[in-house]
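Report on one structure; see the data block that follows.
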Amino acid sequence: MTDLAAPSLVQASTSVDVGALAAFEEKLKGCVITPAGADYERARHVWNGHIDRRPAVIVRCRGVADVIDAVKFAREHALLVAVRGGAHNVAGHGTCDGGMVIDLSGMGGVDVDPAARTARAYGGALWRDLDREAQAFGLATTGGTVSNTGVVGLTLGGGLGWLMGTHGLSADSLLSASVVTAAGQAVRASATENADLFWGLRGGGGNFGVVTSMDFQLHPVGPLVLGGPVFHPLAAAREVLRFYREFCADLPDEAEAFAGCLALPDGTPVVALILGYNGPLATGEKVLAPARAFGTPLVDMVGPLPYAARNAMLDVPFGIHGLHRYWKSGVTNTLSDALIDAVAVGAEGMTSPLSALLFFRVHGAAARVPSGDTAFSLRQDQWDVNVVSQWSQPAECSRHIEWTRRTWGDVEPLISGATYVNHLAADDTPERVRASFGTNYLRLAGVKRTWDADNLFRLNPNILPA
Ligand SMILES: Cc1cc2nc3c(=O)[nH]c(=O)nc-3n(C[C@H](O)[C@H](O)[C@H](O)COP(=O)(O)OP(=O)(O)OC[C@H]3O[C@@H](n4cnc5c(N)ncnc54)[C@H](O)[C@@H]3O)c2cc1C
């Protein structure tokens, strides 16, 4: 899949009428940034340094009215549209060549209602913004595994995170959303208002409109949770990952166990068990004890910490802005010995100390929701397996991309499922994109027809209106 592989039902233009743009800018509370602007170089870049695109105009919105006007302007001028929240999409869907970027990074506020235990996150909020406000009241909701992904972008795909065993995906705690549609209208979506749209927003990606805010149910997590990594030498990867498979089989909902092969900051290659428990610290100590007692770890960093700190624990190296990235991923409900061997071989041949092979365990509440209840269809006890390459030097691209492709070539035949929507790569095929929506694709195509029949919002894992 490339950004432009998805056909638009309207002809998109990539250039902007300068006179019309000036009149449009007059109305905005935010601003427009064009290639002539001093801020353009900084503003055009997204988190993945490998994405190098040059939009014709970036609209920095400062409110719902700005978003409405931006959508109308893009329609009237038949502009290609990219929507940007946290800018983390690895495939680069948050930007485009030519056309308009609707950039919500200036709308990053979060309001918490501690009595109702709810939070409203605006369209450009990052998880660290939501974590900080919610943690002031001992509350949280399932967010990502790093703190600087966008709340909306992550939730639209489903949202895998540290609290999913207990509270489901991020999308499972979504109560309602405010959306500017392709027609430039502001609507609400919830279980009782525009319920089809609400269903589609919980796993259907950015296909249906620009989300200007989302309301979430929050959950008590207390001042401290138990969490942290246990590192073993990479030479022990096969034994550690076989142990990990058995440990995951009996995990209570409150426990989390992710795993990965990566390198420590000093370059030492390791296999890590990345553990957590969302409940009383003493119970967590007992539940996680077998994973901490296994083998001969290099270091055990599990301990009590604020939830917000747990959510920022992997920010280095995974949240560093501007590194080049390329990844492949898919879900599997079994970790065979052959898969573990393929992962170990991949890790041994890693070409960058910033790269990683990761297993995210999806279980408990996240797996129990029936597949058709939300647009996120990949509901089962499973692991999300990621082959991630990261590097800093542009001249090294082909080496690291080749490693990812080679390793994925060994891993893919050994996994059982599709790719999580938010983990699709820029070159995944339209068939793989469609498979990521599983049995919900046809219903999603109908929701798309209702809300975006012309496929204005198509720089995403695209659903064709039908
Ligand atoms: C380091 C890293 C860690 C990650 N960890 C996790 C994780 O733990 N769990 C997980 O589930 N995913 C994770 N992801 C994947 C992440 O969910 C997706 O990359 C997601 O698209 C990021 O959203 P964003 O707003 O930051 O990105 P952007 O690039 O800004 O947006 C991506 C897409 O989301 C849509 N979008 C964003 N904001 C809006 C909006 N306000 N209205 C309408 N559409 C919008 C658009 O289609 C846009 O193209 C991670 C990604 C990275 C790079």
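Points worth noting:
- When region 121-135 is filtered for residues that are near the ligand (Cβ under 8 Å from one of its atoms) and either farther than 16 Å from Val211 by Cα or among the small types (Gly, Ala, Ser) (or both), the ones remaining, listed by number, are Gly123, Gly124.
- Counted residues, region 157-178 - those being over 20 Å from Leu275 (Cα atoms) and touching a Leu at 6+ places or on another chain (Cβ under 6 Å): 2
- Residues (crowded, with 23+ Cβ neighbours inside 10 Å and without any contact (Cβ under 8 Å) to a residue 40 or more places away in the chain) located in region 257-307: Val270
- Complete set of residues in region 312-326 that are in a strand (DSSP E or B) and surrounded by fewer than 22 Cβ atoms within 10 Å (Cβ to Cβ): His324
- Taking region 164-174 as the range and being within 11 Å of the ligand (Cβ to nearest atom) and in a loop (DSSP other than H, G, I, E, B) as the test, only Leu169 passes.
- Whichever residue in region 425-466 is within 16 Å of the ligand (Cβ to nearest atom) and of a type in the set (Phe, Trp, Tyr) and, among such residues, is nearest to Gly206 (Cα to Cα): Phe457
- Any hit, region 234-244, residues being over 23 Å from Val146 (Cβ atoms), among the aromatic types (Phe, Trp, Tyr) and outside the structural domain of Ala136 (by TED's automatic domain parsing): yes
- Against the test of being in the same structural domain as Leu314 (by TED's automatic domain parsing) and more than 15 Å from the ligand (Cβ to nearest atom), the options Ala195, Ala249 yield a single qualifying residue, Ala249.
- Residues that are near the ligand (Cβ under 7 Å from one of its atoms), in a loop (DSSP other than H, G, I, E, B) and under 22 Å from Arg54 (Cβ atoms) do not occur anywhere in region 136-152.
- Unique residue being closer than 23 Å to Gly204 by Cβ, more than 15 Å from the chain's Cα centre (by Cα) and near the ligand (Cβ under 7 Å from one of its atoms) when the list is Ala82, Ala177: Ala82
- Hits in region 26-53 (condition: among the basic types (Lys, Arg) and either within 23 Å of the chain's Cα centre (by Cα) or part of a helix (DSSP H, G or I) (or both)): Lys27, Arg42, Arg44, Arg53
- A search for C-beta distances below 6 Å between a residue of region 146-157 that is over 9 Å from Asn89 (Cα atoms) and any residue that is near the ligand (Cβ under 6 Å from one of its atoms) and polar (S, T, N, Q), counting only pairs 6+ apart in sequence or on different chains, returns Gly157/Asn422.
- Hits in region 154-163 - residues which are among the aliphatic types (A, V, I, L, M), within 8 Å of the ligand (Cβ to nearest atom) and assigned to a loop (DSSP other than H, G, I, E, B): Leu160
- Residues of region 59-74 that turn out to be in contact with a Phe, Trp or Tyr (Cβ under 7 Å, 6 or more places away or on another chain) and surrounded by fewer than 24 Cβ atoms within 10 Å (Cβ to Cβ), as a count: 1
- Any hit, region 63-70, residues being in a loop (DSSP other than H, G, I, E, B) and either in contact with a Leu (Cβ under 9 Å, 6 or more places away or on another chain) or modelled with pLDDT of 95 or more (or both): yes
The values are calculated or read from the model by the stated rules, or taken from the named source; none is laboratory data. Just so it is clear, the structure is predicted and the values come from calculations on it, not from any experiment. Ideal geometry is used to build each Cβ from the backbone, glycine not excepted, and the neighbour counts take in all protein chains shown.
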